[in-house]
Structure formats: C-alpha cells, structure tokens
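Here the structure comes first, spelled out in structure tokens, and everything after it is commentary.
The values are calculated or read from the model by the stated rules, or taken from the named source; none is laboratory data. Fair warning: this is a prediction, and the values are worked out from it, not measured in the lab. Glycine gets a Cβ as well: all are built from the backbone with ideal geometry, and neighbour counts include every protein chain shown. These accessible areas exclude ligands, DNA and RNA; they are computed on the full protein's heavy atoms, side chains included. Shrake-Rupley method; radii C 1.70, N 1.55, O 1.52, S 1.80 Å.
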Amino acid sequence: MPSYPVEVVALLVSSRHAFEGRPADGPRPDPEPASRERVTVRAGLGLAGDRYFNHPAHRQAAVTVFDAGSLDHLAGALGLPAAPDPHLTRRNITLRGFEVDGLARGTVFCLDSGDGPVRFRAHRPAHPCAWMDVVLAPGAFRGLRSRGGIRCEPLDDGLLRLGSASLSVLS
C-alpha cells in the first residue's frame, strides 16, 4: 500500500452554501467562520457541522478533497502574484503533496493527521463553477477544469487536523 507524506493546509466546514444566486452579487457570508483547525469525520455522513452532513443525496459526495497544487498551477497560469487562499474554493479538505484529481472512482484512501486513520472512498470529480472567476480570479473557472478535487464518502469516524499527515492508497 503506497503511502505519501502530505500536509493538510486547509479545513472547511460551512453550515450553509455560500455560492447561491448570481456570482456578480458575491458569495453569501458564513454565519460563523468556516475555516477549522480540526474536523470531526463521521462514517457515511460527512463532516460534523457541514451543510452536506447526513444528506442522503450527498452521501457519496459529502466531503470534497482538494490538491493545493492546483492553486499553485492556477497562479502560474493566470500570472497571479501568489496562489489563492484554498478556503475560497469551498473544498472541505485541502492537501499539499498528493494529486487527488488522479484518484480513480471507487479508490479507497486513508488520511492520518496524528489522531488515527480515516478512510475515504473517491467517487466523482468536484468540478469548478463560474464562482471561481469571482472569488479566485478571472479565468479560474477554466483554469481549474480537471483540477477541482474529488468528492468522497467517509468510511470511518475520526478526526483530522491541520499540519503534517500521511495519505495511503488502499485500493
């Protein structure tokens, strides 16, 4: 089972959807800060407190895992002075050190940030939306195609924290 050192660079839990309405009007503010130092993962349900937690229609897409390298690529492609803040993508877990977009549908992988392993099953790509041009930079929507992350189903209860972690591909 291959294992990779990664860094959890951003965690996001939002109780409501921020990208509603017209992008020109800007995102809706979160009622509380969405950025987290740690998140509680519940098997088959998602991240505690998140808007997709325990929603039957989102069970296989309850958690979105994103590669911070996609933002580095975007910054270079668009000539930005720095990579955008990963929280602006509204992805739940942002990692540095592994290209999550390369995970095949059905792949089971494990993240461990020091509190024990948490398994996820990769399902479908998390396609970027037109909002990316508003919240990141003009051209981000197109620039993040095939680099928007992967929607996953959590298979274990557990805790994930910011900082050093390991990712293992199980199947």
*asked:* I'm told residue 77 meets every condition in (1) out of contact with any Gly (no Cβ under 7 Å at 6 or more places or on another chain); (2) open to solvent by 30 Å² or more (accessible area, probe 1.4 Å) except one. Can you identify the failing condition by its number?
replied: (1)
*Being in contact with a helix residue (DSSP H, G or I) (Cβ under 7 Å, 6 or more places away or on another chain), in contact (Cβ under 8 Å) with a residue 12 or more places away in the chain and outside any strand (DSSP E or B), is that true of even one residue in the stretch 160-168?*
no
*asked:* Among the numbered criteria (1) closer than 12 Å to residue 12 by Cβ; (2) in a helix (DSSP H, G or I), which one does residue 33 miss?
replied: (2)
*Please determine, by comparing only the residues of the stretch 133-144 that are assigned to a loop (DSSP other than H, G, I, E, B) and in contact with a Pro (Cβ under 9 Å, 6 or more places away or on another chain), which one is surrounded by the fewest Cβ atoms within 10 Å (Cβ to Cβ).*
137
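In the stretch 123-132, what residues are outside any loop (DSSP other than H, G, I, E, B) and either modelled with pLDDT under 95 or in contact with a Phe, Trp or Tyr (Cβ under 8 Å, 6 or more places away or on another chain) (or both)?
Going through the stretch 123-132, the residues outside any loop (DSSP other than H, G, I, E, B) turn out to be 123-125, 131-132.
Scanning the stretch 123-132 gives 131, 132.
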*asked:* Being surrounded by 15 or more Cβ atoms within 10 Å (Cβ to Cβ) and more than 11 Å from the chain's Cα centre (by Cα) narrows it down to one residue among 130, 126, 104, 83; which is it?
replied: 83
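Say we look at the stretch 36-69 and pick out the residues that are part of a loop (DSSP other than H, G, I, E, B), in contact with a strand residue (DSSP E or B) (Cβ under 6 Å, 6 or more places away or on another chain) and over 16 Å from residue 148 (Cα atoms); which of these is modelled with the lowest pLDDT? Spell out the reasoning first.
Of all residues in the stretch 36-69, those part of a loop (DSSP other than H, G, I, E, B) come to 36-37, 43-45, 48-55, 62, 68.
Narrowing further to those that are in contact with a strand residue (DSSP E or B) (Cβ under 6 Å, 6 or more places away or on another chain): 36, 43, 48, 52-53, 62, 68.
Next, from what is left, pick out any that are over 16 Å from residue 148 (Cα atoms): 36, 43, 48, 52-53.
Numbers: 36: 97, 43: 97, 48: 97, 52: 91, 53: 94.
Across the stretch 36-69, the extreme among qualifying residues is 52.
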*asked:* Exactly one of these conditions fails for residue 92: (1) at pLDDT below 95; (2) open to solvent by less than 30 Å² (accessible area, probe 1.4 Å); (3) closer than 17 Å to residue 152 by Cβ. Give me its number.
replied: (1)
*Across the stretch 70-122, which residue is nearest to residue 39 (Cα to Cα) among those that are part of a loop (DSSP other than H, G, I, E, B) and of a type in the set (S, T, N, Q)?*
92
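Tell me which residues, restricted to the stretch 124-147, are of a type in the set (Phe, Trp, Tyr) and more than 17 Å from residue 77 (Cβ to Cβ). Steps first, answer last, please.
Filtering the stretch 124-147 for residues of a type in the set (Phe, Trp, Tyr) gives 131, 141.
The one that is of a type in the set (Phe, Trp, Tyr) and more than 17 Å from residue 77 (Cβ to Cβ): 131.
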*Of the residues that make up the stretch 147-170, is at least one open to solvent by less than 20 Å² (accessible area, probe 1.4 Å), polar (S, T, N, Q) and within 18 Å of residue 8 (Cα to Cα)?*
yes
